[in-house]
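Beneath this line is the structure, given in structure tokens, with notes to follow.
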Amino acid sequence: MNRAGETGGALVKGERVFLRLLEAGDEAEFTRLVRESQELHRPWMELPVTAQEFATYLTRFEPPAPNIGLNVCARDTGLIVGGFNLNNIVHGRFLNAALGYWAFAGSAGRGYLSEGLRLVMRYAFGELGLHRLEANVQPGNTASIRLVERNGFRYEGTSPGYLFIDGAWRDHQRWAITAEMVDPATRGEAG
């Protein structure tokens, strides 16, 4: 955990939050936050709640895996307030990643994830050189749908039985954004 006001290891800094890579040292804070947020997350997603599950989860982000785990941390405290995953990153002609995200219960509804998403887009479209981000959201998850809508993602359709979550195959709406759809300042480019 970082000390208040410290943004060491930050990949991208915003006004109130910064992004840093998920790492083994996050296990205690992360799993505690997941346990405290289970009601908020169910049935939308499943995150690791034990040290063993967290260790397994971290292997998803080890090279050469095409995934990046990011913590959203509050700048004033350094504490984790949410997270993003860039999954199944494809280079070449596609330049795409699937986006996963969550807020933690004590921080939900404060705008941290919205600012964090703009930072993720800056990182993905800038440093990673991606062209497209996709977010797949269960139709009843109105908070997640509002998040992507508010940040410029477009609705592209619904995929029935798309992901197995909380014991069932769940339909998901597909939302996407491309680098051209994002304001140059969000991409980290000069205006």
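No lab work stands behind these numbers, since they all come straight from the coordinates. Bear in mind that the values here come from a model prediction, so they are computed numbers and not experimental data. When we count neighbours, we look across all protein chains shown, and the Cβ atoms used for this are built from the backbone with ideal geometry, even at glycine.
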Summing -39500 (n - 2.57) over every DSSP H run of at least 4 in the chain, dividing by its residue total and rounding to the nearest 500, the 222 nm mean residue ellipticity is -6500 deg cm²/dmol
Long-range amide H partners of Gly82 with built H, under 5 Å: Val72, Phe104
For the stretch 6-57, what does the alpha-carbon gyration tensor say about shape, rounded, prolate or oblate, given a ≥ b ≥ c as the root eigenvalues, a/c under 1.5 as rounded, and a/b over b/c as prolate? oblate
Obtain the radius of gyration and the Kirkwood radius of the stretch 67-148 from its C-alpha atoms and give Rg over Rh. 0.98
Rounded to whole Hz, the Karplus (6.51, -1.76, 1.60) HN-Hα couplings of the stretch 86-94, x for glycine and proline: 9, 9, 6, 5, 10, 9, x, 6, 8
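List the GluC sites (Glu not before Pro) in the stretch 112-191 that DSSP assigns to loop (not H, G, I, E or B) and whose Cβ has at most 16 other Cβ atoms within 10 Å. Which are they?
Those satisfying the criteria are Glu127, Glu189.
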Pairwise label distance in nanometres, Asp171 with Thr56, each label 7 Å out on the Cα-Cβ vector: 3.0
What percent do you get for the relative contact order of the stretch 72-170 when only Cα pairs under 8 Å and 6+ apart count? 21
Name the long-range amide H neighbours of Leu47: under 5 Å, sequence gap of 5 or more, or other chain; modelled H, no Pro or chain starts. none
Segment Trp44-Glu149, extension gain: residue separation times 0.36 nm, minus the distance between their alpha carbons: 36.0 nm
For the stretch 10-181, place one equal point scatterer on every Cα, skip the solvent, and apply the Debye formula. What is log10 of I(q)/I(0) at q = 0.08, 0.10, 0.19 Å⁻¹? -0.22, -0.35, -1.46
Points 7 angstrom from Cα along the Cβ direction at Ser159 and Glu23: gap in nanometres? 3.3
Return the loop-located chymotrypsin sites (Phe, Trp or Tyr not before Pro) in the stretch 84-176 (DSSP other than H, G, I, E, B) with at most 16 other Cβ atoms within 10 Å of their own Cβ; answer none if there are none. Phe94
Give the shape of the stretch 104-168 as rounded, prolate or oblate, defined through the alpha-carbon gyration tensor: a ≥ b ≥ c are the square roots of its eigenvalues, a/c under 1.5 means rounded, and otherwise the shape is prolate if a/b is larger than b/c and oblate if not. oblate
